Amino acid sequence: MLTPQENEFLTRIGPGTPAGALLRRYWHPICPVAELTAVAPRKRIRILGENLLLFRDGSGRAGLILEQCPHRSASLFYGFVESDGIRCPYHGWKFDTARRCIEQPFEPGNTRLRERVVPSDYLVEEIAGLFWGYMGPKPAPLLPRWEAAVATRGRRRLNVLPVIDANWLQIVENSVDPTHTHYLHAHMMIALGIRDKGAYHARPIQDFDFEVVHEETWTGVRKIRVWGGKDGEREFGHPLIFPGTLLVPAEDLIVMHFRVPVDDTHTRVIRIQYAPDADSTGMDWNNPPIDYFPPFKNENGEYDLTTFSGQDAMAWETEGPIVDRSRELLGSSDRGIALYRRMLKEQIVAVAEGRDPVGLIRDPEKNREISIAVSTGQARMARQMKQVG
C-alpha cells in the first residue's frame with residue numbers, strides 16, 4: 001500500500017510535479033502524422049496536463065507550442081497558418097514553429113515587446129507515421145528508433161485507442177501484473193464463448209518471475225510466466241520499457257503499447273504493430289494504415305468485454321480516476337508492481353537531483369535500430385491453441 005502522499009508523488013504529472021518532471025525527460029507519441037493535412041494543418045493536443053497546439057506552417061515545418069497566445073491568451077488553434085508560422089486570430093501576432101514571435105502588428109517598430117515572448121522548448125519529430133513530442137530540458141535525448149517503428153522488412157500499422165478515463169500509473173502497473181490475464185482475459189473470453197482468444201491465457205500459471213533489465217538503450221521490468229500442464233514452458237518474457245511502454249509478441253506481430261498521460265485522470269494509448277515477416281509490397285512506411293478503435297462503452301456506460309482492450313479499460317477505469325492505493329492489499333503475485341514503483345520513485349528522485357533518468361539515448365551509434373528480444377513461444381503457442389480451439 002501507499003500513503004496518500006506517496007500516491008500523489010507517483011501519479012500527478014502536471015507542470016511542476018515530481019513525476020511530471022520525470023516524464024518530460026522522455027519522448028511521447030502525440031498523434032498520427034495523417035491527422036495534420038493541408039485542409040486541417042493544426043490540432044489541439046493535451047498532454048502531461050498542458051494544452052498545446054500541433055501545427056504545420058505553409059512550408060511543411062511542424063511545431064508544438066502552447067495553445068494560448070502570450071498577448072491576450074486567445075487560442076492559436078483558430079489562427080491563420082502562413083508560410084513561416086501561425087498568426088493569432090485576435091490581434092495578428094505571428095509565431096514560428098518554435099513559438100518565437102516574428103510579427104506584432106500595431107506595435108511601434110522600435111518596441112522590445114517581442115523579446116519578452118518566451119519561445120517554446122518543445123520539440124516534435126516524425127517516425128513511424130507518428131508525431132512525437134519532447135517537453136523536457138535541453139539537450140534533448142534522441143528519439144528512440146525502435147525496431148517496430150523504423151524497420152522496413154515487413155508491414156506496420158498504427159492503433160489509436162479511445163482516451164482512457166484513468167491515471168497513467170494504473171495502466172502501466174497492469175504491464176507488470178502477469179496473472180491478470182488468467183481471469184480478465186482468458187476466463188472472460190471463454191465465458192463469452194470466444195474460446196480461440198481465451199485459450200492461451202487460460203492455461204494454469206505454475207510460477208512467475210520478474211527481471212529488472214538495464215541495457216544501453218532501455219531499462220525496464222521483464223515479466224516471465226512458467227506455464228503448467230502438458231504444454232508447460234517458461235516464457236522468455238516481454239518487457240515494460242521504462243517509463244511506460246509495453247512490448248508484446250502477439251502471434252506474428254511485435255506490438256508496442258505507448259501510454260501517454262493526457263492529464264492526471266486521462267491517458268492516451270497508441271500502439272505500433274509490426275509484422276517483420278509480412279510482405280512489404282506497397283507499404284508506405286511514412287503513412288502506415290491506422291485503426292481507430294471504437295469506444296469501450298455504449299451509451300448506457302456498459303463496457304464491451306469481447307476485446308482485450310475493452311477488458312483492460314473496464315479494469316482500469318472502474319478502479320477510479322486515480323486509484324486510492326492506501327486501501328490496496330498487495331500479495332506475492334504483485335512483486336512486479338512493487339519493483340516498478342521502486343524504480344519509479346528512484347528515477348523521480350534522480351531527476352529532482354539533476355541527474356538523467358534511466359533509458360535516455362544520446363549516442364546516435366546506439367540508436368540505429370533498437371531490437372529487444374521477446375519470446376516467440378507465446379506466438380507459437382497462441383497459434384496452436386487457436387487451431388485446437
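The numbers here are math on the coordinates, done by the rules we state, and not lab data. Computed from a prediction, not measured in an experiment: that's the story for all the values here. Cβ sites come from the backbone with ideal geometry, for glycine too, and all protein chains shown count toward neighbours.
Below is a table of values for the structure above.
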| read-out | value |
| --- | --- |
| CD proxy at 222 nm, helix term only [per DSSP H run n ≥ 4: -39500 (n - 2.57); per residue of the chain; nearest 500] | -5500 deg cm²/dmol |
| Residue of N287, N174, N298 that the Gaussian network model of the chain assigns the largest fluctuation, springs spanning Cα pairs under 10 Å | N298 |
| For the chain, cysteines whose Cβ has no other cysteine Cβ within reach (under 4.7 Å) | C31, C101 |
| Most mobile listed residue (Q273, Q68, Q347) in the chain, GNM with C-alpha springs under 10 Å | Q68 |
| Kirkwood hydrodynamic radius of segment 4-91, from inverse mean 1/r over distinct Cα pairs, in Å | 14.5 |
| Lysine-lysine proximity count for the chain, Cα under 21 Å, sequence distance 8 or more or distinct chains | 8 |
| Computed FRET value (nearest 0.05) for V349 with L329, which takes r as the C-beta separation and R₀ as 35 Å | 0.85 |
| Estimated inter-spin distance, A98 and V226, nm [label 7 Å along Cα→Cβ] | 5.6 |
| Kyte-Doolittle at least 0.0, axis length at least 27 Å by Cα - qualifying DSSP helices, the chain | none |
| Within segment 71-89: backbone nitrogen closer than 20 Å to the E115 label point (7 Å, Cα to C-beta) | 71 |
| For the chain, built as a Gaussian network whose Cα springs stay under 10 Å, the top-fluctuating residue of E216, E126, E107 | E107 |
| Three-way shape label, segment 147-388, alpha-carbon gyration tensor, a/c 1.5 | rounded |
| Alpha carbon centroid spacing (whole Å) that separates segment 310-335 from segment 209-266 | 18 |
